[in-house]
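*Asks:* Pasting in a structure now, in structure tokens, and then I'll have a few things to ask.
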Amino acid sequence: MPRYDMVDVSNNNGLMTVANYKSMKARGVKAIVQKLSEGVSYRDPYAVANIQNAKKAGLHVNGYHFARFTSVAGAKAEAQLAVSQAKRAGLTADNVIVNDFESNNLGWATNSAITKAFADEVYRLGYPKTDIYTMGSWVNSMPLNNDGRAGWIANYPYNPSGMNLYSAYNAWQWTEKAHFAGCYGGFDVSQLYGDFYLGGKAKGHAKPKPAKYFDWKPDTVFAKTNVSRYTDKALKHKVDTFPAGTVFDVVELVKYGKTSRFKLANGMYISGNQNYINNLYYTTNSKVRVVKSVKGTNKYSDLDFKHKVKGFKTGTEFDVEKVVKHGKITRLQLADGTYISANKLINKFVE
């Protein structure tokens, strides 16, 4: 099984004693992340005592804020509450303040702006070590890993034995049902990758994600954020703007200095910046292993999708054997030899 490196603690678990934490430590637990606050006003009533008792038991301590914000102003306000509670609990600059971001997925552009605002405000108020907690299905909905290792990702396989999922991130939360002797209720447990949550130094304040441009032409792309169309390849004369998820057919990749643009069938141009645009289909060299159905997925016995085997509901995850070419597009082949769509808007990347 994955390791019991770190445990989440919140008001749901009540007051945790030194003995409780020593019970966890005996199972290999090295650190805790205590809930500090939620929204703009809630303070976890057990945070101060639980953090102090964890320290006495010899565990590393960190804190998290359950985010409800949907705007930059809201993110700053919630960051201020989190820091206020962190200071009450005795957390220092060596401890991580986590943005528990699982309440509102507002698309790449908004998510990027508001999560950055939260981190910036926490940093300004004296806590340089911040991280984002979210579920595996949301990892492509916000900037993660844009300054080295970053992100604490939740994904609960039916049988996690032998797995090391999300090893490019800070941590993988692999179960929500762990139990410890003498402790009330179930606990979320995570496997750590590195010492970030164990007092390791901050890797520096998060920098904006560097621009990376397409150097090849996909036939079809989709918008990850709001994307505008322009009449010129300099992108100075805007015509209109489309929301995230909009699909565009590409007729030509156009180089513009050190960047690239996509020319559309109507002669207009959109950016080739991969922060804003993604190719619609997984490519044959994609290292995709697990996808999740966005709006329901059908499984077929043939590449032409003429012989349906079964339909699956939204949220179903599939283990991918490989990506196979089919005309100008691709399909995802599963371990049983059947096929599902390789369209990323139908089956979203998990890992």
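The values are calculated or read from the model by the stated rules, or taken from the named source; none is laboratory data. These figures come from a predicted structure and were not determined experimentally. Please note: Cβ atoms are built from the backbone with ideal geometry, for glycine as well, and neighbour counts cover all protein chains shown.
*Asks:* All but one of (1) in the same structural domain as residue 224 (by TED's automatic domain parsing); (2) under 23 Å from residue 168 (Cβ atoms) hold for residue 285; which doesn't?
*Replies:* Status for residue 285: all satisfied but (1).
*Asks:* Within the set of pairs 6 or more residues apart or between chains, which connect a residue that is not assigned by TED's automatic domain parsing to the domain that holds residue 340 inside the range 299-326 to a residue that is at pLDDT below 95 and among the basic types (Lys, Arg) with Cβ atoms less than 7 Å apart?
*Replies:* Filtered contacts from the range 299-326: no entries.
*Asks:* From the list 233, 263, which one is surrounded by 14 or more Cβ atoms within 10 Å (Cβ to Cβ), touching a strand residue (DSSP E or B) at 6+ places or on another chain (Cβ under 9 Å) and modelled with pLDDT of 95 or more?
*Replies:* Numbers: 233 fails: modelled with pLDDT of 95 or more.
Criteria check complete, one pass: 263.
*Asks:* If only one of 64, 21 is in the same structural domain as residue 182 (by TED's automatic domain parsing), at pLDDT 95 or above, crowded, with 18+ Cβ neighbours inside 10 Å and not in a strand (DSSP E or B), which one is it?
*Replies:* Details: 64 fails: not in a strand (DSSP E or B).
Within the list 64, 21, the selection yields 21.
*Asks:* I've got another one for you. Within the range 73-101, which residues are surrounded by fewer than 17 Cβ atoms within 10 Å (Cβ to Cβ), polar (S, T, N, Q) and under 9 Å from residue 127 (Cβ atoms)?
*Replies:* Residue satisfying the conditions is 92 alone.
*Asks:* Having 1 or more residues that are in contact with a helix residue (DSSP H, G or I) (Cβ under 9 Å, 6 or more places away or on another chain) and in the same structural domain as residue 316 (by TED's automatic domain parsing) is the bar; report the strands (runs of 3 or more DSSP E) wholly within the range 94-159 that clear it.
*Replies:* Output list is empty.
*Asks:* Here are 16, 1: which of them is farther than 22 Å from residue 129 by Cα, out of contact with any Lys or Arg (no Cβ under 7 Å at 6 or more places or on another chain) and either in a helix (DSSP H, G or I) or outside the structural domain of residue 121 (by TED's automatic domain parsing) (or both)? Spell out the reasoning first.
*Replies:* Numbers: 16 fails: either in a helix (DSSP H, G or I) or outside the structural domain of residue 121 (by TED's automatic domain parsing) (or both).
Checking each option against the conditions leaves just 1.
*Asks:* Additional query: With the requirement that a residue be crowded, with 24+ Cβ neighbours inside 10 Å and of a type outside the set (Val, Ile, Thr), what does the range 48-61 give you? Steps first, please.
*Replies:* Just the residues of the range 48-61 that are crowded, with 24+ Cβ neighbours inside 10 Å, to begin with: 50-51, 54, 61.
Selection gives 50, 54.
*Asks:* Could you check residue 271 against (1) among the hydroxyl-bearing types (Ser, Thr, Tyr); (2) closer than 20 Å to residue 111 by Cβ; (3) surrounded by fewer than 20 Cβ atoms within 10 Å (Cβ to Cβ) and say which number it fails?
*Replies:* (3)
*Asks:* Oh, and also: Pick from the range 172-194 the residues that are hydroxyl-bearing (Ser, Thr, Tyr) and over 12 Å from residue 13 (Cα atoms): which of them is modelled with the lowest pLDDT? It would help to see each step written out before you state the result.
*Replies:* Here is the first cut: in the range 172-194, the residues hydroxyl-bearing (Ser, Thr, Tyr) are 175, 184, 190, 193.
Subset that is over 12 Å from residue 13 (Cα atoms): 175, 190, 193.
On the way: 175: 94, 190: 96, 193: 90.
So, considering only residues that are hydroxyl-bearing (Ser, Thr, Tyr) and over 12 Å from residue 13 (Cα atoms), the one modelled with the lowest pLDDT is 193.
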